[in-house]
Structure formats: structure tokens, C-alpha cells
């Protein structure tokens, strides 16, 4: 009985961690229906887990093109590989507003996303996890640096033409 109590306690800690981590965690089945929706996703989307559970990702977020996303997810389901989406390729998957004071210049949250296979006890993959990282600070910093480099280059070119 003590092992059962320890297992239950460990499960509780793991569930608490999933809810409190500062990363979006979504679990999708092969039909792209939402199975898990953590507190990060709830906070940024305004949608409760009960509102999204068993609903299609594409009906919840019509901006996500099904053909594009399915192409990204297919190798994860079939080959058990990871897939990555970076903010440089696509600034965001979920159009969440940016409300961070440090990066207030950006309208939306920039995101890096990792898709991973979730293997069942029999070795099959019926679900994938999606981890959504807020990289707005990084993206804003890189964009600002690139803008400064362009400005500096333009100034140098003007200076060379006048000399």
C-alpha cells in the first residue's frame, strides 16, 4: 500500500509540474484533437481545458493551416522523431498577445515549438506532445540588433559617398 501512495504522490507532483511550468504543453491525438492543455495555454489563450478537450486544434485556431501542420506532425507520428518550428521560420503558431513589459514593442508572442512522439506501452504512437516556448525577448533582441546593423551599414555607405 505504501508503494501505491508513493506512486500517487509522484503522479500528483508530475501533474502539478505540467500545470506550473512556464511552457505551453498540448497533447494531440492523430485526429489533432486536444487531450491535454496546461495552465500556460489556458492563461495565454483564455480557453479553459474543458473548453478545448476533445476539440480539433484547427477548429479552435483557424489560423493554423491543417495541411501545413499535418505535414510537420506526420514524421513525429510515423517515425517517432521530433519536429521543430522556430520563430525565424514562423513568428508564432498560436496568435497570443504579447503582454510582457520588457518586450512591449511586439504585438504577438514569438514562439519556438517542439513536437514529440508519445509512445504507448505497446510501442505505438497515438498522441504527440507540443511544447510552446515564449521566445519574444530573444526575437525582439535579435530584430533590434539587425535593425541597428542595417542603420550602421547605411550610415557607413552615406559617409563613403560623401568622402
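A few comments on the model shown:
- Degrees separating the helix 66-79 axis from the principal Cα axis of the chain, which is the longest one: 60
- For the stretch 2-135, radius of gyration divided by Kirkwood radius, i.e. Rg to Rh on alpha-carbons: 0.99
- Each of residue 19 and residue 59 was given a label point 7 Å from its Cα along the Cα-to-Cβ line. The distance between the two points is 2.6 nm.
- Simple spin-label estimate for residue 114 and residue 147 gives 3.1 nm between the two label positions (7 Å along the Cα-to-Cβ direction from each Cα).
- Full extension of the chain between residue 50 and residue 71 yields a length gain of 4.8 nm, computed as 0.36 nm times the residue separation minus the alpha carbon distance.
- Sorted by Cβ density within 10 Å, fewest first, the residues 10, 70, 106: 10, 70, 106
- Take every pair of alpha-carbon atoms less than 8 Å apart whose residues are at least six positions apart; their mean separation over the length of the chain yields a relative contact order of 20 percent.
- The simple Förster model, with R0 at 30 Å and r as the Cβ-Cβ distance, assigns residue 88 and residue 155 a FRET efficiency of 0.70.
- Along each principal axis, Cα extent of the stretch 77-150, largest first, Å: 53, 25, 14
- Applying 0.36 nm per residue to the separation of residue 125 and residue 6 and subtracting their alpha-carbon distance, the gain on full extension is 40.0 nm.
- Expressed as a fraction of 2.2 N^0.38 Å, the value expected for a compact globular protein of N residues, the C-alpha radius of gyration of the stretch 113-163 is 2.34.
Where a number appears in this text, it was derived from the coordinates with a stated rule and is not lab data. None of the values given here were measured: they were computed from a predicted structure. For neighbour counting, all protein chains shown are included, and Cβ atoms are generated from backbone atoms with ideal geometry for every residue, glycine included.
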